[in-house]
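Data block below; observations after.
The values are calculated or read from the model by the stated rules, or taken from the named source; none is laboratory data. Computed from a predicted model, the values in this text were never measured in an experiment. Cβ coordinates were reconstructed from backbone atoms using ideal geometry, including for glycine residues, and neighbour counts include every protein chain displayed.
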Amino acid sequence: MTEPFTVAIDGPAAAGKGTVSRAVAAHFGFAHLDTGLLYRAVGIQVLHGVDPIDAARGLTPDGLDNPDLRSADVAQAASKVAVIPEVRAALLDFQRAFARRAGGAVLDGRDICTVIVPQAEAQLFVTASAEVRAKRRWAELQARGDDVAFDQVLADVKDRDARDSERAAAPLKPSETAHVLDTSEMTIDEAVAAAIAVVDQKRKG
Ligand code: CDP
């Protein structure tokens, strides 16, 4: 397939969007962009004293594979820079161009269905209860060697949920056309299979 086909996946912190997105992209042979990494890349520069708007305007895709971007501190910094409209505006064109590239693309984030690609052919809102999401994130952080207490991870998840949902610029919410996938009671394999089924149906329809 050479025509653009966009799979847009939104959802709150640690809902499993990353895993689902990577698996959907691999299944269909689409490119994948974790847009949270763009905000994390701005956030980490702010932690090093750079102005957030300058950091966003100067951002390049190089270095998005830096494992430090996955830390809990950088996640909080990302959600703080993400409330700034100029930061969001600076990252818009790159995301839209990625979405419409030939051969298909999967983008995951907070505002992909609502702002970045509202015309995306397949739209999903992947969610889970705050406790389940905090458990998953805690396990990920432990595996990275970040020894954070579970209660701290749960508090961070709730804090980011509130900041991401209550901000004026592109708040986190399901688009009217998104298929809501609550993964609280699902294994990863079940969540992936459900997401692939949604995309398959859109490709055939
Ligand atoms: O992986 P996790 O779900 O914890 O977070 P992420 O997707 O890496 O996003 C980090 C932060 O960036 C979020 O808490 C949002 O504040 C922000 N973000 C956003 O505002 N818009 C996006 N499209 C993606 C992330």
Criterion first (exposed (fewer than 15 other Cβ atoms within 10 Å of the Cβ) and among the small types (Gly, Ala, Ser)) does residue 178 satisfy it?
no
Checking 15, 25 in turn, the sole residue that is within 29 Å of residue 190 (Cα to Cα), touching a strand residue (DSSP E or B) at 6+ places or on another chain (Cβ under 6 Å) and within 13 Å of the ligand (Cβ to nearest atom) turns out to be 15
Selection over the stretch 99-110 where residues are within 12 Å of the ligand (Cβ to nearest atom) and either more than 30 Å from residue 149 (Cα to Cα) or part of a helix (DSSP H, G or I) (or both) yields a count of 2
Just to be sure before I move on: is residue 91 touching a helix residue (DSSP H, G or I) at 6+ places or on another chain (Cβ under 7 Å) and part of a loop (DSSP other than H, G, I, E, B) in the structure I sent?
no
Give the residue, chosen from 130, 197, that is under 21 Å from residue 80 (Cα atoms) and either buried (at least 16 other Cβ atoms within 10 Å of the Cβ) or aliphatic (A, V, I, L, M) (or both).
130
Hey, any hits in the stretch 167-175 for a residue that's surrounded by 13 or more Cβ atoms within 10 Å (Cβ to Cβ) and in a helix (DSSP H, G or I)?
no
Of all residues in the stretch 83-141, count the ones that are more than 14 Å from residue 18 (Cβ to Cβ), among the hydrophobic types (A, V, I, L, M, F, W, C) and within 13 Å of the chain's Cα centre (by Cα).
3
Considering (1) basic (Lys, Arg); (2) modelled with pLDDT under 95; (3) touching a Leu at 6+ places or on another chain (Cβ under 6 Å), say which one residue 160 fails and leave the rest.
(3)
Residue list for the stretch 33-77, restricted to those being part of a helix (DSSP H, G or I), of a type outside the set (Lys, Arg), more than 13 Å from the ligand (Cβ to nearest atom) and farther than 24 Å from residue 145 by Cβ:
53, 54, 55
